Amino acid sequence: MAEVNVVYLGLLFGLIDTFQIHLAKALERQGIEIFSKKKSFKEKGKKPLIYIIGMALNNTVFIWQMLGTQYSTASVYSSMFGLGLIILMLYSYFVLKEQISSRSALGIVLIIIGTTFVGVIQILEPPTTENVLFMNFIILCAIIFIFFFVLIAIFKKTILAVSFIFGLVSGSLGAIDNVFKRIGLKAGFSEIFNISTFPIFMLSFLIGFCALVVTQFGFAKGADASKLVPISNSFYIITPIYFELIIVLGASISIFKILAIIVIIAGILLMDIYKKDTYQKNKE
């Protein structure tokens, strides 16, 4: 029973994290125009303050992240992350005035259902071991980061997919950040300076910062929060699952997790990320 209660603590901190970070992203998207050279400072109005508040909220979620990954695995902690989309979608529609088609709305609902389902599965089917295979860990990290750099490099040739590209990269980096912090905190705060895990723990902060920068760059390129963030969330949830499958000894994936991932992918495909109106908006 004590172990179950500890898992619930991880979920609680994960919920606080998701509501805070989604509000932060909405505020950042609203205030990103402060970097526009076409508008005067007077035209920008309160947006500098809005952006600063968003950044402040975004840069303090590591508190919940450290607490959450102390009590649960990265995949459990991040499993409730999709619920924060509710706040972001309401803000995007009513405040940012972003157009959300019925097809995209359905995709968002599927993403919320799929990511939440992953959380339920992680509680019912907790991992039996967390022994990390460090050689697999290093190789996988190298492959992923090379893939990310290539993806960003070809961005200009695939401008119609701006939301998908920056969402995929930022979400995956955020997930890897969680996995790294979990490795660093597995033995508890008292062992945080252990020579074998401390470098990984510190590297997690750099990766988390990179995820933030990629998100801001995507917003600056014109991506709607209502498109980029759901895509980011999908990979934020999916990445720890396949990451742990490769680097954690004895990790496995059930048919229920596979079904949840299929639901998430179906939601992504419904997001209208290739519509021409997005391309036109990015050009303006």
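The values are calculated or read from the model by the stated rules, or taken from the named source; none is laboratory data. Owing to the predicted nature of the structure, the values given are computational and were not obtained by experimental measurement. Cβ atoms come from the backbone with ideal geometry, glycine included; neighbour counts cover every protein chain shown.
Condition check ((1) within 27 Å of residue 243 (Cα to Cα); (2) free of Cβ contacts under 8 Å to residues at least 40 places away in the same chain) across all residues:
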| site | (1), (2) |
| --- | --- |
| 49 | no, yes |
| 82 | yes, no |
| 85 | yes, no |
| 100 | no, no |
Would a scan of segment 27-45 turn up a residue that is in contact with a Gly (Cβ under 7 Å, 6 or more places away or on another chain), under 18 Å from residue 221 (Cβ atoms), at pLDDT below 90 and surrounded by 21 or more Cβ atoms within 10 Å (Cβ to Cβ)?
yes
What number of residues in segment 205-215 are under 16 Å from residue 148 (Cβ atoms) and either outside any helix (DSSP H, G or I) or in contact (Cβ under 8 Å) with a residue 12 or more places away in the chain (or both)?
7
Please determine, by comparing only the residues of segment 103-117 that are out of contact with any Pro (no Cβ under 9 Å at 6 or more places or on another chain) and surrounded by 20 or more Cβ atoms within 10 Å (Cβ to Cβ), which one is modelled with the highest pLDDT.
110
Please work out which residue is surrounded by the fewest Cβ atoms within 10 Å (Cβ to Cβ), limiting yourself to segment 239-255 and to residues that are in contact (Cβ under 8 Å) with a residue 40 or more places away in the chain and in a helix (DSSP H, G or I).
246
Scan segment 4-13 and give yes if some residue there is at pLDDT 75 or above, of a type in the set (A, V, I, L, M) and exposed (fewer than 14 other Cβ atoms within 10 Å of the Cβ), otherwise no.
no
Within segment 81-102, considering residues that are in a helix (DSSP H, G or I) and aliphatic (A, V, I, L, M), the one surrounded by the most Cβ atoms within 10 Å (Cβ to Cβ)
88
